[in-house]
Amino acid sequence: CCCWCVGSTGILWMTVLVLNLGLVHYLRHSNTTTGHTHQQQHSHRSVHFQSPQPVDEVDPDDDLSPPPPPPSFERVITIGSTIPRAAPRGALAELIDSDGFDTPAAVHGCAAYDAEYETLPHTYWNVRGDTFPLRVGPNYKKTKMKSPSGPPLYNLYAVDMFRATSTMKSVAAGFKIPDIEGVTDVDTGFPDVPAMLVINCNMPSEEPQMFKSPTDGPSYICVVYLVIAPETVRQLKDFNNASPAVKLFKKWCETAEHDSGFRSRMKAMCVLDDIDSLGLPSFVTGYNGKPTLISKSGTFTRHPTHCEMSINVHMFAYLARKGLYSLQQKFPEFILNVGFTIEGRDDDELPETILGGCRMIQLNLEKTKYHGDQ
């Protein structure tokens, strides 16, 4: 989430610069203060020597290194088992307690703008479409006008957030794709438009090296499972009167598998809640919500039960990967509204509408476990 997150290579470069300057200032100040303190203590205090304390003998044959991480994706686990959902409240909580979550009423009820839930650290929830400013016509190329998106075309079913020793090429290799009557088996009216869309984002978990550009390696992996919203199905069934965004998404589904140019019109973006309270510079906050196109790093795969869009952040430019890595320690302070859309360019493709996304609440990467350790 932050090149992916913040959506701009430029902002990531500026973020890296700010962090590096701040670190230099801190180290200089720390060294000066520490040196002065040590001089004062030395001039006012005598030195006392103590006899060395006995220690246990260490067997040179003992292996004191931490155990290696488990091999990735050796078993298939349940979707949504790696990070908890925020706790629903009120009538929605009663519905889920009564009927379970895997029902159309519960899944789409969580997407309602008036759904009540408790904001807990290291959890997730649905996004609101109007969080994201998207392109509107007419003549966007000249006006550059944007306005809040309408409701998402797909609702959030679940999220997984975990670690692995490599990228995950296919979500089905590590997770059991659910079969939920009335949710994942919906007839969309078009064979290329899936009832479930899975977005699989693989982010480096180790600090990037400037002169190394691996396309695989240890990763934090975030998987977003989206199911088609009832209103989107209704529009697909009345296609002549469907919104430009629904028509554009249908075309993207038909062509993304074999047309890299059209596939690359998927955009990812992130809007940080209360960004002014995070202490970030104004030139950083000005890029909040800016999108990034998923081009060479994106892979589209069609499966019998769903379609999958994989995003390999290992393939991003060095500055983007470095910036994302530098921001990871601040994730516990963030509420990240992550969204995806298909880029509209001409008037008949506008206004854009958010495709779907997730709201990551104070994500703590130290709490993420390796796949299979849950």
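The values are calculated or read from the model by the stated rules, or taken from the named source; none is laboratory data. Small disclaimer: the values here were computed from a predicted structure and weren't measured. As a convention, Cβ positions derive from the backbone with ideal geometry for all residues, glycine included, and neighbour counts pool all protein chains shown. With ligands, DNA and RNA removed, areas are computed over all heavy atoms of the protein, side chains included. Shrake-Rupley method; radii C 1.70, N 1.55, O 1.52, S 1.80 Å.
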**Item:** Residue-by-residue Karplus 3J(HN,Hα) for segment 127-133, coefficients 6.51, -1.76, 1.60, Hz, glycine and proline x
**Value:** 9, 8, x, 6, 6, 9, x
**Request:** For segment 207-274 and segment 128-190, compute the distance between their C-alpha centroids and round to whole Å.
**Result:** 6
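So what's the net charge close to residue 373: Lys and Arg +1, Asp and Glu -1, counting the other residues with Cβ under 15 Å from its Cβ? Don't jump to the answer; show the numbers that get you there.
Details: positive: 75, 163, 367, 369; negative: 74, 160, 366.
Value of the local net charge: +1.
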**Prompt:** Non-local amide H neighbours of residue 134 (under 5 Å, H modeled in plane, Pro and chain starts lacking H): which ones?
**Reply:** 147, 149
**Message:** Just the number please: accessible area per residue for segment 72-229, 1.4 Å probe, all protein chains included, in Å².
**Reply:** 45
**Asked** Once the Cβ-Cβ distance between residue 216 and residue 274 is put in as r, and R0 is 30 Å, what FRET efficiency do you end up with, to the nearest 0.05?
**Response** 0.25
**Prompt:** Non-local amide H neighbours of residue 157 (under 5 Å, H modeled in plane, Pro and chain starts lacking H): which ones?
**Reply:** 225, 226, 227
**Prompt:** Each residue of segment 357-372 in order: what ³J(HN,Hα) in whole Hz does its phi give by Karplus 6.51 cos²θ - 1.76 cosθ + 1.60, θ = phi - 60°, with x for Gly and Pro?
**Reply:** x, 8, 10, 8, 9, 6, 5, 10, 5, 5, 8, 6, 9, 5, 3, x
**Message:** Can you list residues from other chains, or at least 5 along the same chain, whose modelled amide H is less than 5 Å from the amide H of residue 77?
**Reply:** 175, 176
**Prompt:** How high is the relative contact order of segment 243-317, in percent, with contacts defined as C-alpha pairs under 8 Å that are six or more residues apart?
**Reply:** 27
